[in-house]
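Input: a single structure, listed below in structure tokens.
The values are calculated or read from the model by the stated rules, or taken from the named source; none is laboratory data. Bear in mind that the values here come from a model prediction, so they are computed numbers and not experimental data. Cβ coordinates were reconstructed from backbone atoms using ideal geometry, including for glycine residues, and neighbour counts include every protein chain displayed.
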């Protein structure tokens, strides 16, 4: 790879090659490097969160996979007429309902779900809600919470994708302090950051940042020494009591030591060298996303894991069964890599699609679009396991019902009406990742009947560990 090409890749990844690499080498966030200024204690207090900040791997689908039809909460429903996948023990992909444990709660789901590690199931919640979108191009609407997302300061003129709301918040110096505030998109449908489509990045492009490990190690050490020394010089020259103890502590906590830089070079850079699979291979993309988290480039990476696809004419729901097995296998790969890389307490997994699929049997044996039912599954340290909400009759089919945010139980008079389910799922995801409540209140809003912009949705307490 030529130096010019490598610089282009660096710029596409982090906006500024110099700043990005300096942040990576020193541990000092880009925002502080741009200003050459340590955040004040007041700024840190404003960003305080109750949950340990987490990175997020977000699985996105504009196909509207039948994920919702076979996961926990869809096999336990007491509503007559729900059509679960008919593939049984005599087929290659057995979708028979089996009992699985989500913490202390026992639920039913299609058989492949029972192959996930118990530790992951014990950190997973399944939130049944609606997207109210019924065609594929409306995926962008779902990402911007169907009009309920706002800009960084709550601007109605700058709606943002949920992925970018989260990545922007967590990239702040007092949380994860990532190199860039934008998500990294490896294979998902269109993802936007403050109105701009994020260019997809390939695993080989990420690997190309450090094509020469020896030279990269030397460069990182040099950049680290320059910037850390500059910041300590600033502290010394300010003097006179103007520097607060919290600012000194901030620098000590963020600044990497020379030993840490060598470890970064020998560990992560060597791991980047192992990215040998095709860029189109999902497991290679998962590897690259986890290494991007290790490098602290971004707080959010997006991929697309198939769970049945656009299966209108899926005779016998065979495609649905096959892709569900493959999707679960991809999740098992992710959880295995998470453990191998020591990231089980640092990375959360979630999914979001444009809509779910119909739950009533159709004449053509496939499933159609279902604007009334979608399931967001979240697996992470900040999650309390279980099922939130449930299924009720809707529009000659079935949809998600209202529920109580404290118990997670289906409740017609619950404090989360069906109209607020998507926003509540998004808020719960953000809260589980350590996004401060004040940020969620500012960025997830809707105009009420009086035309006043107000915070909308609730963080679902029954789904949160804290």
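Observations, loosely collected:
- Failed criterion for residue 34 (all others in (1) out of contact with any helix residue (DSSP H, G or I) (no Cβ under 8 Å at 6 or more places or on another chain); (2) surrounded by fewer than 18 Cβ atoms within 10 Å (Cβ to Cβ); (3) modelled with pLDDT of 65 or more hold): (1)
- Screening the candidates 290, 343 for the property of being part of a loop (DSSP other than H, G, I, E, B) and in contact with a helix residue (DSSP H, G or I) (Cβ under 7 Å, 6 or more places away or on another chain) yields one hit, 343.
- Residue check, residue 372 in contact (Cβ under 8 Å) with a residue 40 or more places away in the chain, touching a strand residue (DSSP E or B) at 6+ places or on another chain (Cβ under 8 Å) and farther than 25 Å from residue 466 by Cβ: yes
- Unmet requirement for residue 362, which otherwise passes all of (1) touching a strand residue (DSSP E or B) at 6+ places or on another chain (Cβ under 7 Å); (2) surrounded by fewer than 18 Cβ atoms within 10 Å (Cβ to Cβ): (1)
- Counting only helices (runs of 4 or more DSSP H) that sit completely within the stretch 80-199, those holding 1 or more residues that are touching a strand residue (DSSP E or B) at 6+ places or on another chain (Cβ under 6 Å) and at pLDDT 95 or above correspond to 118-121, 162-170.
- Residue 242 out of contact with any strand residue (DSSP E or B) (no Cβ under 8 Å at 6 or more places or on another chain), at pLDDT below 70 and surrounded by fewer than 14 Cβ atoms within 10 Å (Cβ to Cβ): yes
Here's the yes/no breakdown for (1) in a helix (DSSP H, G or I); (2) without any contact (Cβ under 8 Å) to a residue 40 or more places away in the chain; (3) assigned by TED's automatic domain parsing to the domain that holds residue 58; (4) touching a helix residue (DSSP H, G or I) at 6+ places or on another chain (Cβ under 6 Å):
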{"residue": "319", "(1), (2), (3), (4)": "yes, yes, yes, no"}
{"residue": "323", "(1), (2), (3), (4)": "yes, no, yes, no"}
{"residue": "327", "(1), (2), (3), (4)": "yes, no, yes, no"}
{"residue": "332", "(1), (2), (3), (4)": "yes, no, yes, no"}
{"residue": "338", "(1), (2), (3), (4)": "yes, no, yes, no"}
{"residue": "350", "(1), (2), (3), (4)": "no, no, yes, yes"}
